[in-house]
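Written out below as structure tokens is the structure these notes cover.
Bear in mind that the values in this text are calculations on the coordinates, not laboratory data. Quantities reported herein were computed from a predicted structural model and do not represent experimental measurements. Here the Cβ positions follow ideal geometry from the backbone for every residue, glycine too, while neighbour counts run over all protein chains shown.
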Amino acid sequence: MPTSLELAGQLREKFGDLISGPLEFRGEVTVTVADAERIAEVCAHAKAALGFDLLLDLSSIDNYGEDPRWTVVYELSGIGHGCHLRLKTHVSEERSQVPTVSGVWRTADWHEREAYDMMGIVFSGHPDLRRILMWEGYPYFPLRKDFPLAGKPTVLPDTAFTRPAPLEGGPFVTLPGGRDSAAREPRVRTPEE
């Protein structure tokens, strides 16, 4: 049976410099796909030739203040060989789109819709790219780092919230730094804190 590191090496052999050298940390192997436009091609090969028949998760990271702004992360698993591989690719704010992999794994459909809804990353070629958590017409992307923790007032009175939402002084408000870990603990806070 191949290891995740060996399979990552095979991916690099196939695609050359498009794929970074594999990084292994705590038994998890990660490679970065240099050109986001080719992620679907890389994923299709990983599934067909390397046996990664399951997309466990697709998530996104907001690198606010850096370029490229977003990192899209694909967690792959192979049922037959039991290996796990993480693929990453970077997406700039100017472009803010990446090809869909829903043609490779059908489960990508909802994962990509969530990344679009929460971060604003467009998955080109997606069969039904629309909001999945927020309502249609909502003008913001709530998981971006520049979205305020206290939320924003809604533009639709009598829909969802009429005050700033969703976490106005909510239980997930934390403070950076602080005198000790107890002071940083997530809890309801008043504006003075």
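Structure summary
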| read-out | value |
| --- | --- |
| Taking only Cα atoms of segment 30-95, radius of gyration then Dmax in Å | 12.6, 41 |
| Calculated over segment 83-153: convex hull of Cα atoms, volume per residue (Å³) | 123 Å³ |
| Distant-in-sequence amide H partners of VAL29 (H built 1.01 Å from N, under 5 Å) | ARG86 |
| R0 of 30 Å, Cβ-Cβ distance THR107-ASP67: FRET efficiency to nearest 0.05 | 0.50 |
| Contour excess over end-to-end distance, with Cα ends at GLU41 and SER96 and 0.36 nm allotted per residue | 17.9 nm |
| Residues ASP146 and ARG12, FRET efficiency given R0 of 25 Å [Cβ-Cβ distance, rounded to 0.05] | 0.10 |
